[in-house]
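Structure first, commentary second.
The values are calculated or read from the model by the stated rules, or taken from the named source; none is laboratory data. What you see is a predicted model; the values in this text were computed from it and never measured. Please note: Cβ atoms are built from the backbone with ideal geometry, for glycine as well, and neighbour counts cover all protein chains shown. The protein model used for the area step is the full one, side chains on, heavy atoms only, and it has no ligands, DNA or RNA in it. Shrake-Rupley method; radii C 1.70, N 1.55, O 1.52, S 1.80 Å.
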Amino acid sequence: MTTEAARTPPVPPTPPPAVPRRPLPGLGALRQTGRLFSLAVAVVGATFRRPFQLREFIEQFWFIASVTILPAALVSIPFGAVIALQVGSLTQQLGAQSFTGGASVLAVIQQASPLIVALLIAGAGGSAICADLGSRAIREELDAMEVMGVSPVQRLVVPRVLATMFVAVLLNGMVSVVGTLGGYFFNVILQGGTPGAYLSSFSALAQLPDLYISEFKALIFGFIAGIVAAYRGLNPRGGPKGVGDAVNQSVVITFLLLFFVNMVLTGIYLQIVPPKGG
């Protein structure tokens with residue numbers, strides 16, 4: 001008995017149960033950011049593939065334009081007026097009333113106009129895109145398209161993103177004109193400015209790259225609004241309630257990205273393009 005017990009190997013102790021590791025803080029947000037960039041790259045690649053969904057693009061272009069033209073025109077008037085009044089008051093204090101027109105118009109064209117267009121497209125068009133794709137996702141229409149060999153990105157996302165970009169570029173021109181006219185009216189009528197000084201200061205300070213950066217900002221902002229709305233619409237959580245949450249998240253995320261990208265583009269532009277007369 002003693003010899004057999006000595007030959008029996010000892011039973012190893014039972015290891016303690018494994019403690020689940022907590023995910024690193026911020027890892028989920030980093031993963032979501034990577035997927036967002038992956039979708040953006042996929043959209044850019046699918047844009048040049050055939051067949052191009054021309055009918056879907058036209059329908060989305062008309063829908064986004066129809067829901068944003070009137071609000072953009074109405075919002076641009078008070079924006080131009082506020083900028084003109086504020087700049088006019090400041091130039092009067094400094095004794096430089098002759099530069100009121102150029103300063104206010106540059107502020108409208110470079111900053112206010114692209115942001116107005118982008119915010120309206122994200123709030124109206126982007127929310128509609130997110131809700132449409134989200135409802136398709138919870139009804140498993142997107143899964144059915146993939147089973148049939150149809151890419152949801154090429155069929156649904158690409159036309160919507162291109163529509164937001166083209167509408168943003170066209171609306172930016174309209175908002176720039178309306179905002180400039182609103183600033184002219186309030187500066188000349190309410191602050192006693194002269195039309196000649198307003199126009200001469202504008203021609204003395206403004207240059208074509210100011211319009212180019214405005215249109216480029218509108219193009220980039222439209223792309224960001226379309227991509228974020230499409231990404232949140234393709235990945236809803238929790239059924240119909242998740243679709244509503246995805247719409248709210250897409251609008252908030254788009255606003256944050258727009259202001260950050262606007263700061264970066266403005267800083268790069270001011271470093272590359274010298275001011276007129278400088």
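Can you give the accessible area per residue of segment 28-89, in Å², using a 1.4 Å probe?
Spelled out: the 1.4 Å probe surface of segment 28-89, per residue, equals 65 Å².
Keeping all protein chains in place, calculate the accessible area per residue for segment 198-278 (probe 1.4 angstrom), answer in Å².
Spelled out: the 1.4 Å probe surface of segment 198-278, per residue, equals 52 Å².
Give me the percent of the accessible area of segment 93-189 that comes from carbon and sulfur atoms, probe 1.4 Å, all protein chains in place. Could the numbers behind the result be given before it?
On the way: 2530 of 3750 Å².
Roughly 67 percent, rounded to a whole number.
With a sphere of radius 15 Å drawn around the Cβ of Arg55, what net charge do the other residues whose Cβ falls strictly inside it have (Lys, Arg +1; Asp, Glu -1)?
Net of charged neighbours comes to +1.
Considering only the other residues whose Cβ falls under 12 Å of the Cβ of Gln154, what net charge follows from Lys and Arg at +1 and Asp and Glu at -1?
Here the charged neighbours net out to +2.
If you keep only loop residues by DSSP, which trypsin sites (Lys or Arg not before Pro) in segment 172-278 have at most 16 other Cβ atoms within 10 Å of their Cβ?
Answer in residue order: Arg237, Lys276.
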